[in-house]
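Working notes, beginning with the structure itself.
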Amino acid sequence: MQEKKSLRSLFFRHLAPTSPEPLALEIVRAEGSRLIAASGKEYLDMISGISVSNLGHNHPVINKAAIEQINRHSHLMVYGEFVQKVQVELAQLLSDLLGEGFDSVFFGNSGAEAVEGAMKLAKRYSGRHEIISCKNAYHGSTQGALSIMGSEVYKNSFRPLLPSTALIQFNNFDDLNKITKETACVIVEPVQAEAGIIVPENGYLQALRNRCTEKGTLLIFDEIQTGLGRTGSLFAFQKYGVRPDVILLAKALGGGYPLGAFISSGEIMQSLSENPVLGHITTFGGHPVSCAAALASLQIISDEDLLLEVQRKSDLFASLLSDLPAPFDFRRSGLLMALDVGSEKMNFDIISNCIDAGLIVDWFLFSPQSMRIAPPLNISDDDIRHACSVIKNSIK
Ligand SMILES: Cc1ncc(COP(=O)(O)O)c(C=O)c1O
């Protein structure tokens, strides 16, 4: 009789790998800021599934909304054809919260899909084809999103990619001159995430806005990591006081379920409706169960008090980690945080120590010397204190 294989060995055999050494933690349950492994070991989640679980795991209100929607109906028709109450309610709430210029929402399934849609929108609306993005930006792994990624290492093996793309350095005012009347759009994260949490310098986003307006170029903010309260404002553009023409959301948008969106004005979005008709479509975009979870989640996250707490908790992290000596460097925008430990090797050792001690932390794609700290926004103060003491002990 064939021996029963362990789940772990089946994982390695049947799930296609993304790296030679995946973490391969076997998590059987998750609750609030905690992940519980098959062994019974508890982990404190400091990364929220990479900025997804902004209200923690297994949130009862989100669960209830999803289950009620499952009992009503699941998929009915490809995106954009039927009037589905929960989709409409979510789009309306997003438009209200985003304010003027964001009254039209195109739902997809993921971040990369939102990026792809927005690039097509910009080309279609402007009649131009050049797309500018930033060095060390990550916008997704599909071919269009990969074409505007700010790293040759990741792009080179997959060439040829999209033509007419160019890179600028985030926070470099001179580079803004590269935006011309040929440029369809500039796609930028208002706080660079995978670059290791790089916040905009004073006046940079406004100068970028001005240059785009002057050249008739669409300004697209990728808020896939920064959105939904992560930086202490509901959307980072509100925190930094600069409005883009198009905003991209995903990750935390779905309250733990797959959902992405690109959002703009009705006038701009109108250009996708014809020439050709059905020129941008998606089967599962705006799945009703994801929309129900998203609506429940957004109603909680948009609460002013919760957003104020994000800033206070970010300050608590900063004060608890403030006595780390150089070369340690702590960068943050709300609860989107990076602890730069000086070297990649040291970072990987510290991360491994943290995980052994029951704390899930991670690194950044383009800043491997920095530790990613992005816990659920409703993490408790006690858990923050515990996390900082584990980090410090792991450094020792
Ligand atoms: C800023 C940003 N944009 C886009 C994406 C792509 O999102 P997805 O993985 O849902 O395709 C990510 C994912 O990490 C991201 O961080």
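Computed over segment 149-258, the quotient of the alpha carbon radius of gyration and 2.2 N^0.38 Å is 1.10. Here each label is just a point 7 Å from Cα along the line to Cβ, and for residue 343 and residue 97 those points are 4.4 nm apart. Pairwise Cα separations in segment 219-281 fall into 5 Å bins from 0 onward with the following percentages, short to long: 4, 17, 22, 21, 17, 11, 6, 2, 0.
Quick one: Debye curve from the alpha-carbon atoms of the chain only, equal weights, vacuum; give me log10 I(q)/I(0) at q = 0.09, 0.10, 0.14 Å⁻¹ to two decimals. The Cα Debye sum returns log10 ratios of -0.54, -0.67, -1.33. Computed from the C-beta positions of residue 6 and residue 31, the FRET efficiency with R₀ = 25 Å rounds to 0.50. Across all Cα pairs in segment 307-366, the calculated P(r) in 5 Å bins from zero up to the longest distance comes to 4, 16, 23, 26, 21, 8, 2, 0 percent per bin.
Take 34-42, 64-72 and order them by the average number of nearby Cβ atoms within 10 Å per residue, most first; the result is 64-72, 34-42.
For segment 257-339, what class follows from the C-alpha gyration tensor (a ≥ b ≥ c being the square roots of its eigenvalues): rounded when a/c is under 1.5, otherwise prolate if a/b is larger than b/c, else oblate? Prolate, because a/c is 1.5 or more and a/b exceeds b/c. For the chain, the mean residue ellipticity at 222 nm estimated from helices alone is -11000 deg cm²/dmol, where every DSSP H run of n ≥ 4 contributes -39500 (n - 2.57) and the total is divided by all residues, rounded to the nearest 500.
A convex hull fitted to the Cα coordinates of segment 238-396 yields 163 cubic angstrom per residue. With both labels modelled 7 Å from their Cα along Cα-to-Cβ, the residue 302 to residue 19 distance reads 3.6 nm. Treating r as the C-beta distance of residue 316 and residue 265 and R0 as 30 Å, the FRET efficiency rounds to 0.20. Note on residue 277 and residue 386: their simple-model spin labels are 5.9 nm apart, each label 7 Å out from Cα toward Cβ.
Each reported figure results from applying straightforward, stated rules to the coordinates on display, with no laboratory input. Computed from a prediction, not measured in an experiment: that's the story for all the values here. So basically every Cβ, Gly included, is an ideal-geometry build from the backbone, and we count neighbours across all protein chains shown.
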